[in-house]
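Engineer: The structure is given below, and queries will be raised subsequently.
The values are calculated or read from the model by the stated rules, or taken from the named source; none is laboratory data. On a predicted model such as this, the values are computed, not experimentally measured, just so you know. Note: accessible area is taken over every heavy atom of the protein model, side chains too, but ligands, DNA and RNA are not part of it. Shrake-Rupley method; radii C 1.70, N 1.55, O 1.52, S 1.80 Å.
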Amino acid sequence: AEMAARLSENRLVSLPLSRIRVIMKSSPEVSSINQDALFLTAKATELFVQYLASYSYKHGRGKEKNALTYTDLSHTAEECETFQFLADILPKKILASKYLKMLEKEKRDGEVGEGDEEDEEEEDEDE
């Protein structure tokens, strides 16, 4: 009976329960995983991914091409408050050359910023 229940649960979710169990167990706070908790986590994840995909499709340019694109997903993560926690996971695509220039600029700005702080400290000592 328990095996039949598991088979019917597996048909209700598309994601592999074994993979989700591995991900859940990777958390140091998790010692054991109840079968119901595993199933509900899988189903909730599946529904969340469906919602993210449909929202991104409806609000993106993908519907012009009848396709969901990475750009649609990253735009959703950036613009929609509900999905902003995904912004680091779904960053906007940029050219490597542009990224390298950004890194150089950050490095230069960082050095200038550090120098400015030292100057301010010296001024305080003079007063």
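Engineer: Given 0.36 nm per residue, what is the gain on full extension from H59 to R11 after removing their alpha carbon distance, in nm?
Structural biologist: Taking 0.36 nm per residue and subtracting the Cα distance, the gain is 14.2 nm.
Engineer: P(r) of region 14-110 in 10 Å steps, Cα pairs, percent per bin?
Structural biologist: For region 14-110, the binned pair fractions read 14, 29, 29, 21, 8, 0 percent.
Engineer: Keeping the other protein chains in place, figure out the carbon and sulfur percent of the accessible area of region 31-80, with a 1.4 Å probe.
Structural biologist: Here it works out to 56 percent.
Engineer: How far, in nm, would the chain grow between E46 and K101 when pulled straight, counting 0.36 nm per residue and subtracting the alpha carbon separation?
Structural biologist: So the chain would gain 16.0 nm between E46 and K101.
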